[in-house]
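A.B. asks: What follows is a single structure, and I will ask about it in a moment.
The values are calculated or read from the model by the stated rules, or taken from the named source; none is laboratory data. If you're wondering where the values come from, they're calculated on a predicted model, not measured in any experiment. Positions of Cβ are generated from backbone atoms using ideal geometry, with glycine treated the same way; all protein chains shown enter the neighbour counts. Protein only, heavy atoms only, side chains kept; ligands, DNA and RNA dropped before computing areas. Shrake-Rupley method; radii C 1.70, N 1.55, O 1.52, S 1.80 Å.
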Amino acid sequence: MKAFAYHQPGQIPEAAKLLAAEPDSKLVAGGMTLIPTLKQRLASPPALIDLSKLPGLKGCTDNDATITIGAMTTHAEVAKSSLVRARIPALAALASQIGDPSVRNRGTICGSVANNDPAADYPAGVLGLAATIITNEREIAADNFFRGLFETALKPGEIITAVRFPVPLLAGYAKFKAPASRYALVGVFVAKFRDGVRVAVTGAGPGVFRVPPMEHALSQGFDPASIAAIRIDTDNLTSDIHAEADYRAHLVTVMAKRAVQAALSERPAS
Amino acid sequence: MQISFTLNGRPTSVDVAPSMLVTELLREHLNLTGTHIGCDTSQCGACVVHLNGAPVKSCTLLAPALDGATLLTIEGLQGAPGSNRLHPMQEAFRENHGLQCGFCTPGMVMTAVALAQDKGVLTEAEVRHGLEGNICRCTGYQNIVVSVMAGAAAMHAANAGE
Ligand SMILES: Cc1cc2nc3c(=O)[nH]c(=O)nc-3n(C[C@H](O)[C@H](O)[C@H](O)COP(=O)(O)OP(=O)(O)OC[C@H]3O[C@@H](n4cnc5c(N)ncnc54)[C@H](O)[C@@H]3O)c2cc1C
Ligand code: FES
Ligand code: FES
């Protein structure tokens with residue numbers, strides 16, 4: 001690892017200023033993605049800006065229609081949150097399946113969202129629930145946020161402060177884990193709202209995406225059978241050492257059916 | 001930079017480079033070599049320590065994160081006060097042949113202790129889910145799972161007896 005300066009700002013504007021001052025510097029949240037990147041020298045920023053001392057970035061709050069999760073809330077905290085488990089149990093279940101206990105104790109929701117790994121779990125939950133990404137500058141709808149392989153709508157110097165999730169009528173997440181990494185080979189998040197159903201897929205392609213034919217079918221009848229015959233196109237799917245595009249396409253349908261089933265038998269994640 | 005933290009119950013203050021990993025700090029500067037480095041890529045769990053009571057991988061933790069925190073390493077685990085005995089989880093690994101070469105053991109034990117503290121008596125499924133981030137190249141896991149269940153039961157019984 002190359003040496004770097006280390007800042008622990010106490011206020012968000014100060015953090016933004018530090019980030020702007022040195023263009024290649026990096027924010028660090030849980031460090032579970034960034035530190036391995038630094039070790040491999042895939043990045044060598046002149047400075048790290050640690051978000052852990054910023055006030056108000058941890059925890060879950062709700063109002064009638066939404067739950068807001070602070071940027072620095074860890075996966076373990078979301079998995080255990082009585083609020084999330086009561087109102088969007090599928091999201092708590094998603095968080096409880098990320099990596100392993102040690103990863104969940106450090107990794108944060110917004111580190112995951114900002115990183116937008118093509119096999120990460122949160123992007124599916126965020127897009128599937130039509131969440132809003134809140135930054136120090138603006139609010140961005142999930143539909144406009146994820147831009148493919150590790151790319152997002154974040155501008156240089158922008159800091160995510162929270163994600164706001166609409167509370168659905170029902171939701172479910174099903175993940176086929178890559179056995180070694182535990183990332184999603186394919187993960188599907190399904191959410192039923194009063195005005196329709198959303199289906200978001202992670203792991204299968206270069207970035208998280210929705211599946212409109214499944215959304216239509218599930219809006220007509222929210223049942224695994226409604227989508228059993230729908231097979232997605234392999235054109236934009238990933239083929240790699242872990243799985244061929246064909247197999248990933250097959251898994252999307254299987255995981256979507258399981259996600260619907262999970263939503264129908266929804267109960268707080270254990 | 002100067003950082004101050006509680007290490008295995010003792011106040012500790014050291015001067016570190018911000019890029020120093022906690023594994024390096026423990027092993028090279030504080031002479032606590034019980035925390036092992038297996039993969040150095042956040043996969044294997046040989047380096048697990050408790051940061052403010054929660055298990056974390058110290059190979060993926062920068063030293064500045066320790067400032068103001070409480071850190072417990074495998075050296076800080078103890079049996080009943082004053083008894084000079086092994087911690088019940090360590091005892092369970094010994095009794096149940098939960099180790100062969102022992103390289104993964106400190107991380108296994110630290111993860112297992114946190115799991116037992118969190119959940120009390122453990123089912124096999126909970127143990128297997130809880131150990132997903134700890135890799136062992138020797139045992140085939142079977143005896144580790146048995147050890148962790150026995151260790152958790154012993155910890156639970158000791159607490160109930162207090
Ligand atoms: C062994 C292992 C297994 C894993 N398994 C899974 C898995 O199964 N599923 C899964 O989804 N993930 C998995 N992960 C990744 C894990 O979820 C990470 O925690 C996550 O990707 C990054 O979160 P972080 O808080 O650690 O971010 P960091 O590593 O600190 O940061 C990641 C990136 O996001 C930027 N960033 C962080 N916070 C903000 C913010 N608030 N605003 C703007 N930018 C920000 C940083 O600058 C950096 O570029 C795994 C990781 C490991 C090491
Ligand atoms: S050495 Fe830290 S996880 Fe392997
Ligand atoms: S006992 Fe040898 S690696 Fe686990």
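A.B. asks: Which residues, taken from the stretch B:59-80, are more than 9 Å from chain A (Cβ to nearest Cβ) and within 17 Å of B:Leu30 (Cα to Cα)?
C.D. replies: B:Ala63, B:Leu66, B:Ala69, B:Thr70, B:Leu71, B:Leu72, B:Thr73, B:Ile74, B:Glu75, B:Gly76, B:Leu77
A.B. asks: A follow-up question, please. Can you pull out every residue in the stretch A:155-164 that is farther than 29 Å from B:Glu132 by Cα and open to solvent by less than 40 Å² (accessible area, probe 1.4 Å)?
C.D. replies: Once the filter is applied, which keeps residues that are farther than 29 Å from B:Glu132 by Cα and open to solvent by less than 40 Å² (accessible area, probe 1.4 Å), the stretch A:155-164 yields A:Gly157, A:Glu158, A:Ile159, A:Ile160, A:Thr161.
A.B. asks: Of all residues in the stretch A:60-86, which are out of contact with any strand residue (DSSP E or B) (no Cβ under 6 Å at 6 or more places or on another chain) and within 15 Å of A:Gly125 (Cα to Cα)?
C.D. replies: The answer is A:His75, A:Val78, A:Ala79, A:Arg85.
A.B. asks: What residue, of A:Ala47, A:Ala71, is buried (at least 19 other Cβ atoms within 10 Å of the Cβ) and at pLDDT 95 or above?
C.D. replies: A:Ala71
A.B. asks: Scan (1) out of contact with any Leu (no Cβ under 8 Å at 6 or more places or on another chain); (2) of a type in the set (A, V, I, L, M, F, W, C); (3) closer than 14 Å to A:Ala29 by Cβ for the single condition A:Met72 breaks and write down its number.
C.D. replies: (1)
A.B. asks: Looking at A:Asp121, A:Asp62, can you tell me which residue is surrounded by fewer than 24 Cβ atoms within 10 Å (Cβ to Cβ) and either outside the structural domain of A:Pro13 (by TED's automatic domain parsing) or touching a helix residue (DSSP H, G or I) at 6+ places or on another chain (Cβ under 8 Å) (or both)?
C.D. replies: Answer to the selection: A:Asp62.
A.B. asks: Within the stretch A:84-98, track down each residue that is under 13 Å from the mean Cα position of the chain (by Cα) and small (Gly, Ala, Ser).
C.D. replies: A:Ala90, A:Ala92, A:Ala93, A:Ala95, A:Ser96
A.B. asks: Are there any pairs with C-beta distances below 8 angstrom linking a residue in the stretch A:16-37 that is closer than 18 Å to B:Asp40 by Cβ and free of Cβ contacts under 8 Å to residues at least 12 places away in the same chain to a residue that is open to solvent by 70 Å² or more (accessible area, probe 1.4 Å) and small (Gly, Ala, Ser), with the two at least 6 apart or on different chains, and if so which?
C.D. replies: none
A.B. asks: Which number in (1) within 30 Å of A:Leu51 (Cα to Cα); (2) touching a Gly at 6+ places or on another chain (Cβ under 7 Å) marks the one condition that B:Arg85 misses?
C.D. replies: (1)
A.B. asks: Right, A:Ser181: part of a loop (DSSP other than H, G, I, E, B) and either in the same structural domain as A:Ala245 (by TED's automatic domain parsing) or polar (S, T, N, Q) (or both) or not?
C.D. replies: For A:Ser181, the condition - part of a loop (DSSP other than H, G, I, E, B) and either in the same structural domain as A:Ala245 (by TED's automatic domain parsing) or polar (S, T, N, Q) (or both) - is met.
A.B. asks: Condition first: free of Cβ contacts under 8 Å to residues at least 24 places away in the same chain and part of a loop (DSSP other than H, G, I, E, B). Now tell me which residues in the stretch A:196-229 satisfy that.
C.D. replies: Correct list: A:Gly221, A:Ala229.
A.B. asks: Can you find, within the stretch B:41-77, the residue that is least open to solvent (accessible area, probe 1.4 Å) among those that are touching a His at 6+ places or on another chain (Cβ under 6 Å) and away from ligand 1 (no atom under 16 Å from the Cβ)?
C.D. replies: Applying the filter and picking the extreme gives B:Leu77.
A.B. asks: Right, here's the next one. Every residue in the stretch B:92-104 that is more than 16 Å from ligand 1 (Cβ to nearest atom) and within 9 Å of B:Ile144 (Cβ to Cβ), please.
C.D. replies: Answer for the stretch B:92-104, where residues must be more than 16 Å from ligand 1 (Cβ to nearest atom) and within 9 Å of B:Ile144 (Cβ to Cβ): B:Phe93, B:Asn96, B:Gly98, B:Leu99.
A.B. asks: Could you check the stretch A:87-103 and list, in sequence order, the residues that are more than 8 Å from ligand 1 (Cβ to nearest atom), within 14 Å of chain B (Cβ to nearest Cβ) and open to solvent by 10 Å² or more (accessible area, probe 1.4 Å)?
C.D. replies: Matches in the stretch A:87-103: A:Ala93, A:Ser96, A:Pro101.
A.B. asks: While we're looking at this one, here's another question. Taking the stretch B:138-162 on its own, how many of its residues are within 17 Å of A:Pro179 (Cβ to Cβ) and within 14 Å of chain A (Cβ to nearest Cβ)?
C.D. replies: The number of residues fulfilling the criteria is 1.
A.B. asks: In the stretch A:1-35, what residues are of a type outside the set (Gly, Ala, Ser) and assigned to a helix (DSSP H, G or I)?
C.D. replies: Residues satisfying the conditions are A:Ile12, A:Pro13, A:Glu14, A:Lys17, A:Leu18, A:Leu19, A:Leu34, A:Ile35.
A.B. asks: Any idea which of A:Ala200, A:Ala256 is touching a Leu at 6+ places or on another chain (Cβ under 9 Å), buried (at least 19 other Cβ atoms within 10 Å of the Cβ) and farther than 28 Å from B:Glu126 by Cα?
C.D. replies: It is A:Ala200.
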